[in-house]
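What follows is a single structure, written as structure tokens, with notes after it.
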Amino acid sequence: MNNENSLQEEFNMNKTELVAAMADQAGLSKKDAEKALKAFTDVVAEELKKDGKVQLVGFGTFEVSSRAAREGRNPQSGAPMKIAASKAPKFKAGKALKDMLNA
């Protein structure tokens, strides 16, 4: 494992740490911050279920990406197989967020 990977692992934020940071930044209790985070994720998920999108100007856009049905290959046998059409959530970063990361 190189130093770059080990440094990156040290800075990953889990849900508990995110809730604590949100509570601290917004002056909320951890319980209220957790409720707010759950409400946010629930609202985004519900909108994406309806094939909608959630756009947060300056931050980014959550949307649904559709993949058509296609034929693939079984990696073990090499035999052709059908892969069903599917939908996946997608996040596209906004300009302000990109600029902040590259400043």
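Could you give the length gained by full extension between L101 and V64, i.e. 0.36 nm per residue of separation minus their alpha carbon distance, to one decimal place?
Result for the pair: 10.9 nm of gain on full extension.
Can you tell me the length gained on complete extension of the stretch L37 to S77, counting 0.36 nm per residue apart and subtracting the Cα distance?
Full extension of this stretch gives 10.0 nm more.
Tally Lys and Arg at +1 and Asp and Glu at -1 over the other residues with C-beta under 9 Å from the C-beta of G52: what net charge comes out?
-1
For S65, what charge total do you get from the other residues with a beta carbon under 13 Å from its beta carbon, if Lys and Arg give +1 and Asp and Glu give -1? Write down the numbers at each step before the final one.
Values: positive: K53, R67, K87, K90, K92; negative: D51, E63.
Net charge around S65: +3.
Return a whole-number percent for the relative contact order of the stretch 61-103, with Cα pairs under 8 Å and 6 or more residues apart as the contact set. Intermediate values should be presented prior to the final figure.
Values: 51 pairs, mean separation 18.5, N = 43.
Result for the stretch 61-103 is 43 percent.
Radius of gyration and Dmax for the chain's Cα atoms, expressed in Å?
That works out to 19.1, 57 Å for Rg and Dmax.
Normalised by the number of residues in the chain, what is the relative contact order in percent for Cα pairs under 8 Å and 6+ residues apart?
Value for the chain: 18 percent.
Mean-square fluctuation check for the chain, GNM, Cα pairs under 10 Å: which of S66, S77, S86 is largest?
Fluctuation is largest for S77.
Separation between the V54 and L28 pseudo-spin-labels, each 7 Å from Cα along Cα→Cβ, expressed in nm?
Result: 1.2 nm between the two label points.
If you average the alpha carbon positions of the stretch 53-103 and of the stretch 22-46, how far apart do those two centres end up, in angstrom?
The distance from the Cα centre of the stretch 53-103 to that of the stretch 22-46 comes to 25 Å.
Read-outs throughout are calculated quantities, based only on the coordinates presented, and are distinct from any laboratory measurement. Fair warning: this is a prediction, and the values are worked out from it, not measured in the lab. Every residue, glycine among them, receives a Cβ derived from its backbone with ideal geometry; neighbour counts consider all protein chains shown.
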